[in-house]
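Only one structure is covered here, and it is reproduced in the block below.
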Amino acid sequence: MSTPPFLPLIDPSGSTLLPSLALLGPVLIPSTLVQAVLPTLPSQASYYVHAEDSNEDLISYLDNGAQKIVISLSQLQELDGQVPKERLILRIAEENLSSVKEYDGEISGIYLTSSAIHTPKSIGLPNLDIFIQHPSPNPTELLQSIKSSRPSSYVIPTEYLAASAKTTSTHLSIAEAFLAPIISDRPDGLFPTIVSSSNHSIKPLGLVYSSVESVTEAILTQKGVYQSRKHGLWRKGETSGAVQELVGVKADCDSDALVFEVVQHGSGFCHLPQSTCFGNFSGLAKLEDTLKSRLESAPEGSYTKRIFTDDKLLRSKIMEEAEELCDAQDKDHIAFEAADLLYFALARCISKGVSLKDVEKALDKKSLKITRRKGDAKPKWENKINGTGGEARENQAVKVESKPTEPIPKTFPEVDESRIKMRNVTLSKLNKEEQKKLLLRPVLNSLAMIDKVKPIVERVRKEGDAGLKAMTKQFDKADLSSNVLLPPFQTPSAEQLPEDVRKAIDVAYENVKTFHQAQAETKPLIVETMPGVQCSRFVRPIARVGVYVPGGTAILPSTAIMLGVPAQVAGCKTIVLATPPRPDGSISPEVLYVAKLVGVTCILKAGGAQAVGAMAYGTEEVPKVDKIFGPGNQWVTAAKMLVQNDTDALVAIDMPAGPSEVLVIADHTANPIFVASDLLSQAEHGTDSQVVLVGINLTAKLLEEIEDQIDIQAKALPRVAIAREAIKKSVIVLVESQKEAIDFSNEYAPEHLILHLEEAEKAVEGIENAGSVFVGAFSPESCGDYASGTNHTLPTNGFARQFSGVNTLSFQKHITSQLVSGDGLRVLGPSVVRLAEREGLEAHANAVRVRLAELSK
């Protein structure tokens, strides 16, 4: 059948019917119920979405798994060919049927409300599917219509459906509705039925027969039930234990045969010792069974067992076989290497409980996507093959403070409903070594990364602007005539930069500027250390600074504010703002607006290691700087470390960088909702984000409430998959006192420290190591990230023990001076002479002696 005999329209009362309805074909979900229904939909179910709001993101429904969407004419025109016609059903009024022909090439079907019977042939559109919703359905009449109106399909709200064997005056039997158009061509009225394994769809399990009675029971019980030609109903596995879970029932194109898709348990389907009635499985299906058997039976410590239990060994084998497949050239060699790769890839799946069917489902889900990722390799691998790297194309961000580095598409809540939970440890129950492990961060192989960025930096150094332009084209896909943009910068239009965004940037700018101006030293420090000896210290701006703002697909005006404002307040004469351009060569209007506010003197349209190299050494167009600031990925961090150690560059950097992190200390007064939100605000940065909760004497009830909130809030996030991975690696440390909590925090030295404490302000006195502290229930870390006034460029990876966050003084240097009078030298000189003589530095001593001699005349 090209279209299902009926299409269930899900309403709030329909959840109990979903297990049976999901067996038979797609269900139709109103867009207003999508988020509520999807988590309860059986995994094998397919669905359409009835888009009811003209402002909806239609493509997101298809990207997230809907096979088709039902849309209005205005929505069809809005899509303007972006979606294949096979995915679109046009909702149209019955009186407008005659106008459908002009849209025949843009849609696969029509949806109308009508009490009449319409078929593709009757309306002159043989290539379209017809979905009819009766305005006042009568179950008995509907059953007859389904039989007579094929190949049209009836849309039936679930309030009129029932999981029953027979249709009543008020409810239509799901089983009868499915069977209504199916006709047997056999004298005994049975339907030939192919039984297929849900796990191994390559070869059928066997051929059996079904009756109206057996199919009805199978649909209602979701079990494998068939009709024996000799013994009546055959409930598979009832005596042998080899039961079947039914996951799908379909009719063939002539509506006279069926296919049952099942999960087979026990000894199998066939009465003989073989996988199917047609012999054993072969190929991938056989390999899957073999690997499952080896996982169970291989001796501990053996190579076979280690393939499943040693992640590093299996990773090495997969990488090895992938490379050998890429190197293979002739047909036989490619097939041989592909078989090896499939073996180890499937071993990885089996070791993690993933079946071939799960892989097929993932493939099917990917095939439904309309939005496609950029058609190239991920930067990690493209750069590995090419031996190069660039910030705008490298997706493993080491440190981006304010926002994710990639835009997040509109998505439904994840279907994975397993609990998102941090692991718990009680600090007092751990030995010293175990406690030390809690302080560890991910190991970053900085030396390996430095080796990778050396060729990039060296190319910029040697080729200058030409090399920079070539790499910007290669990595950022922007073909520029010049990599620099000089003031005056054009003010973005209201269309480019909405007024509310402009105002938000202005608020952040003013607050950050106010706080950083207060840090500035306004007068020299002057001290008379002894009569006639005056020492002083005064501040001067670093003349030329470079600030790196990650960009490309991301929009990070907050980072531009956090680096540009202190440079402006410090009085730096040259401020070079480097940020990757978009493919059209432009800079995000938000960053451009901030650049104008903070007085940037040059915008460098480049990202990654090449931008760092250009600022460190300078080119004909790009001014050389004396210090480089800003977050970035591994390529940027490695390039900064490389140039700061090159004496030819004579450039400093702000600080080392690592994954974003937060430590929250909470006591009995903590609000679980606030605590969970603070933990998740860092967890969504990346899967390597470091998230720690230190709980002081938390009751079991309060701890459970916090854990519940983590699960609930995480599942509502667009970046839930990232948060899930970060939380999985995160920890709740349970302690008995506030002192124990603060001692642990000081050892950990977090980037962000949040205090949910009864006397939070007082507790700050005990903080010795932290990038920035957020005091009390109403001080979320997000405020510091954006607009409270403090800086969000902070030390990570435990470097808060040695480094401060970026501040006004980071963009300045101190110079000392001394003024010694004659009387002062008479008193101080002899001590200087004696110390110089003791060190064997006679010229030092003589410089004082000649002056003392002159004074004695």
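The values are calculated or read from the model by the stated rules, or taken from the named source; none is laboratory data. Here the structure is a predicted model, which means the values were calculated and not measured. When we count neighbours, we look across all protein chains shown, and the Cβ atoms used for this are built from the backbone with ideal geometry, even at glycine. Heavy atoms of the whole protein, side chains included, go into the accessibility calculation; ligands, DNA and RNA do not. Shrake-Rupley method; radii C 1.70, N 1.55, O 1.52, S 1.80 Å.
Of note:
- Relative to the longest principal axis of the Cα atoms of the chain, the long axis of helix 499-519 makes an angle of roughly 30 degrees.
- Close amide-amide hydrogen proximity is noted between Ile542 and Gln812, Lys813, each under 5 Å apart and 5 or more residues distant or on a separate chain (H modeled in the peptide plane; Pro and chain starts excluded).
- Computed from backbone phi with θ = phi - 60° and the Karplus coefficients 6.51, -1.76 and 1.60, the 3J(HN,Hα) list for segment 4-14 is x, x, 8, 10, x, 9, 6, 10, x, 8, x Hz; x is used for glycine and proline.
- Label-reachable residues, segment 201-231, where backbone N falls under 15 Å from a point 7 Å from His265's Cα toward its Cβ: 221-225
- Sequence of Trp635, Trp234 when ordered by accessible area, the most exposed leading, probe 1.4 angstrom: Trp234, Trp635
- Among the chymotrypsin sites (Phe, Trp or Tyr not before Pro) in segment 242-293, those placed in a DSSP loop whose Cβ has at most 15 other Cβ atoms within 10 Å are Phe278.
- What you get for segment 283-370, charging only the Cβ of Lys and Arg (+1) and of Asp and Glu (-1), is a dipole of about 560 debye around the Cα centre.
- Per residue, the accessible area of segment 685-805 comes to 41 Å², computed with a 1.4 Å probe over protein heavy atoms only.
- Sequence-separation-based contact order of the chain, relative, with Cα cut under 8 Å and 6+ spacing, percent: 10 percent
- Apolar share of the accessible surface for the chain: 54 percent from carbon plus sulfur atoms, 1.4 Å probe.
- Simple label model, 7 Å out from Cα along Cβ direction - Asp479 to Gln67, nm: 4.4 nm
- Long-range amide H partners of Thr619 with built H, under 5 Å: Lys624
- Residue (of Asn424, Leu828, Leu314) at the positive-pole extreme of the chain, dipole from beta-carbon charges: Leu828
- Distance violations [Cα-Cα > 20 Å] among Lys305/Lys352; Lys352/Lys729; Lys462/Lys573: Lys462/Lys573
- Folded to 0 to 90 degrees: helix 356-367 orientation relative to the chain principal axis, Cα: 80 degrees
- Scoring 131-138, 600-607, 162-169 by mean Cβ neighbours within 10 Å over their residues and listing the highest first yields 600-607, 131-138, 162-169.
- Acute angle (nearest 10 degrees) that the helix 212-221 long axis makes with the longest principal axis of the chain, alpha-carbon atoms: 30 degrees
- In order along segment 481-486, the phi-based Karplus estimate (6.51 cos²θ - 1.76 cosθ + 1.60, θ = phi - 60°) of 3J(HN,Hα) comes to 7, 8, 8, 10, 10, 10 Hz; Gly and Pro are listed as x.
- Longest to shortest principal axis, alpha-carbon extents of segment 661-789, angstrom: 37, 36, 25
- Each Cα pair of the chain feeds into the Kirkwood radius, which the Stokes-Einstein equation turns, at 10 °C and 1.306 mPa s, into a diffusion coefficient of 49 µm²/s.
- Segment 212-295, Cα convex hull volume normalised per residue, Å³: 134 Å³
- Using the Karplus relation 6.51 cos²θ - 1.76 cosθ + 1.60 with θ = phi - 60°, the per-residue 3J(HN,Hα) values for segment 749-762 come to 6, x, 5, 10, 10, 10, 10, 9, 10, 4, 10, 4, 4, 5 Hz, with x marking Gly and Pro.
- Once exposed loop GluC sites (Glu not before Pro) are cut out (DSSP; at most 11 other Cβ, 10 Å), longest piece of the chain: 1-299
- Subtracting the Cα-Cα distance of Arg540 and Lys729 from their residue separation scaled by 0.36 nm leaves 63.6 nm.
- Take the convex hull of the alpha carbons in segment 443-588; its mean projected area over all directions comes to 14.3 nm².
- Residues whose amide H falls under 5 Å from that of Thr793, counting only those 5 or more places apart or on a different chain, are Val806, with hydrogens built in the peptide plane.
- Note on segment 6-180: Kirkwood hydrodynamic radius from all Cα pairs is 16.5 Å, rounded to one decimal.
- Kirkwood's formula applied to the C-alpha pairs of segment 427-471 gives a hydrodynamic radius of 14.0 angstrom.
- In the context of the full set of protein chains, segment 164-308 has a per residue accessible area of 50 Å² (1.4 Å probe).
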